[in-house]
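Take a look at the structure set out below.
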Amino acid sequence: FPYTTLFRSRPLLFVLRNELDYTGAKFGCGEGQCGACTVLIDGAAHRSCVTPTGSAVGKEITTIEGLADGDKLHPVQEAFIECDAMQCGYCTTGMILSSVALLRKNPSASEAQIKQALEGNICRCGTYNRILAAVQRARQTMLSEARENHRA
Ligand code: FES
């Protein structure tokens with residue numbers, strides 16, 4: 001029974017955390033329901049706990065560890081800090097990556113669209129209002145940056 005078959009069928013979350021030491025993605029429910037394990041695969045948000053590693057081979061996987069540009073945090077990370085959009089922090093990386101996926105796809109996402117995009121990410125502390133504020137703030141920052149880059 002080849003090891004590679006076992007490896008390919010293992011959840012991506014376990015490979016990221018246990019083999020590669022990228023512990024930013026969290027194990028919550030393990031059933032694709034809470035969003036704590038969210039990572040980006042080719043830019044789209046995925047639940048890594050229910051994603052077989054084999055299905056991600058050859059694709060670009062981004063965890064929270066790879067989101068900043070050197071010392072410069074991503075605008076969504078900055079906004080979460082500025083808006084104090086976390087309490088225990090367990091859901092935070094998943095919230096941030098789901099938000100990044102949304103804002104890259106829909107830079108001017110409305111409040112309703114933000115809520116819809118994040119409805120699969122559960123925050124047990126109930127920090128939703130501050131998370132929403134953070135995503136809206138990041139949206140403004142990213143739109144401003146895009147305008148600046150367009151002018152330059
Ligand atoms: Fe993957 Fe909950 S741990 S969705």
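Some notes on this structure:
Results for (1) of a type outside the set (A, V, I, L, M); (2) surrounded by fewer than 18 Cβ atoms within 10 Å (Cβ to Cβ); (3) closer than 19 Å to residue 13 by Cβ, shown as yes or no for each residue.
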| site | (1), (2), (3) |
| --- | --- |
| 44 | no, yes, yes |
| 50 | no, yes, yes |
| 60 | yes, yes, yes |
| 68 | no, yes, no |
| 102 | no, no, no |
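- On the stretch given as region 9-42, residues that are free of Cβ contacts under 8 Å to residues at least 40 places away in the same chain, loosely packed, with under 14 Cβ neighbours inside 10 Å, assigned to a helix (DSSP H, G or I) and touching a helix residue (DSSP H, G or I) at 6+ places or on another chain (Cβ under 8 Å) total 0.
Residue-wise test of (1) surrounded by 14 or more Cβ atoms within 10 Å (Cβ to Cβ); (2) at pLDDT 95 or above; (3) charged (D, E, K, R).
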position	(1), (2), (3)
110	no, yes, no
115	yes, yes, yes
144	no, yes, no
149	no, no, no
152	no, no, no
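- Contacts under 6 angstrom Cβ, first residue in region 53-72 being under 19 Å from residue 92 (Cα atoms), partner aromatic (Phe, Trp, Tyr), 6 or more apart: 63/22; 65/22
- Residue in region 57-68 that is at pLDDT below 95 and of a type in the set (A, V, I, L, M, F, W, C) present: yes
- Flag: residue 6 does not match the condition of being within 14 Å of the ligand (Cβ to nearest atom) and assigned to a helix (DSSP H, G or I).
- The residues on offer are 130, 147, 137, 104, and the sole one that is in contact with a Gly (Cβ under 7 Å, 6 or more places away or on another chain), of a type in the set (D, E, K, R) and part of a helix (DSSP H, G or I) is 104.
- Subset of region 71-100 (residues that are surrounded by fewer than 21 Cβ atoms within 10 Å (Cβ to Cβ), among the hydrophobic types (A, V, I, L, M, F, W, C) and more than 16 Å from the ligand (Cβ to nearest atom)): 73, 81, 83, 86
- Residue check for residue 93: assigned to a helix (DSSP H, G or I) and farther than 26 Å from residue 134 by Cα: no
The values are calculated or read from the model by the stated rules, or taken from the named source; none is laboratory data. Here the structure is a predicted model, which means the values were calculated and not measured. Backbone-built Cβ (ideal geometry, glycine too); neighbour counts: all protein chains shown.
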